[in-house]
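In what follows, a single structure is set out as structure tokens and then discussed.
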Amino acid sequence: MSNQSLFSRRRPVLPPVLPRGEVLATYGTYADAQAAVDTLAKADFPVKQLSIVGNDLKSVERVTGKLTYGRVALAGAASGAWLGIFFGILFFLFSPTGSSLPFVFAALIMGAGFGMLLGIASYAINRRRRDFTSTMQVIATSYQIIVDVELINRARNVLGGVSNEPAAPSHPEAPANPE
């Protein structure tokens, strides 16, 4: 899935509208719909005339584990350590003597400690509201490829494995025993 850059000046941002055209095919997964568009792209089909539309959106939250004080402390220490390394390296780079490498290590330890304390405090305050970790996804039950009406037959031929080249003319054979 790709999106346009927020800083692109090629064309103005248009309000979201549903694509117009006919349904070329319906797929159960986004990967299958994407593979069909890839097939069309490899056949030099004008893919700018295609859209993939997800239908019947569902919000799915998958529980990944139980929160404990140990897990919260470890996660807080890890995120705090990254912040500590960041600030330590900044101070090291802008230090006039350049001999403050131990300061990076100290910033890492202090960042990990503060991150751990803040993580434990936040968990203690919100403990009974949410005692698990999870990931959230929005998925569709089906995906339709929409194509302009003028190109629907060409797209069906490409996806059906039929070549776009005209077939050789066939000549009916003469009967073997003319009567």
- [ ] Specify the residue that is farthest from Ser79 (Cα to Cα); the eligible residues are those in the range 93-121 that are in contact with a helix residue (DSSP H, G or I) (Cβ under 9 Å, 6 or more places away or on another chain) and open to solvent by 100 Å² or more (accessible area, probe 1.4 Å).
- [x] Leu101
- [ ] Scan the range 1-31 for residues that are at pLDDT below 80 and either in the same structural domain as Val149 (by the TED database) or among the hydrophobic types (A, V, I, L, M, F, W, C) (or both) and jot them down.
- [x] Met1, Leu6, Phe7, Val13, Leu14
Task: Selection within the range 110-163 - touching a residue at least 24 places away in the same chain (Cβ under 8 Å), among the polar types (S, T, N, Q) and closer than 30 Å to Ala33 by Cβ - done: Ser134, Thr135, Gln137, Thr141, Ser142, Gln144
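Scan Val37, Val53, Val60, Val72 and give me the residue that is under 30 Å from Leu117 (Cα atoms), among the hydrophobic types (A, V, I, L, M, F, W, C) and open to solvent by less than 40 Å² (accessible area, probe 1.4 Å). So that I can check it myself, show each step before the final result.
Values: Val37 fails: under 30 Å from Leu117 (Cα atoms); Val53 fails: under 30 Å from Leu117 (Cα atoms); Val60 fails: under 30 Å from Leu117 (Cα atoms).
From the options Val37, Val53, Val60, Val72, the qualifying one is Val72.
The values are calculated or read from the model by the stated rules, or taken from the named source; none is laboratory data. Since the structure is predicted, the reported quantities are computational estimates derived from the model, not experimental observations. Neighbour counts run over all protein chains shown; Cβ positions are idealised from the backbone, glycine included. Surface areas here come from the heavy atoms of the whole protein model, side chains and all, with no ligands, DNA or RNA. Shrake-Rupley method; radii C 1.70, N 1.55, O 1.52, S 1.80 Å.
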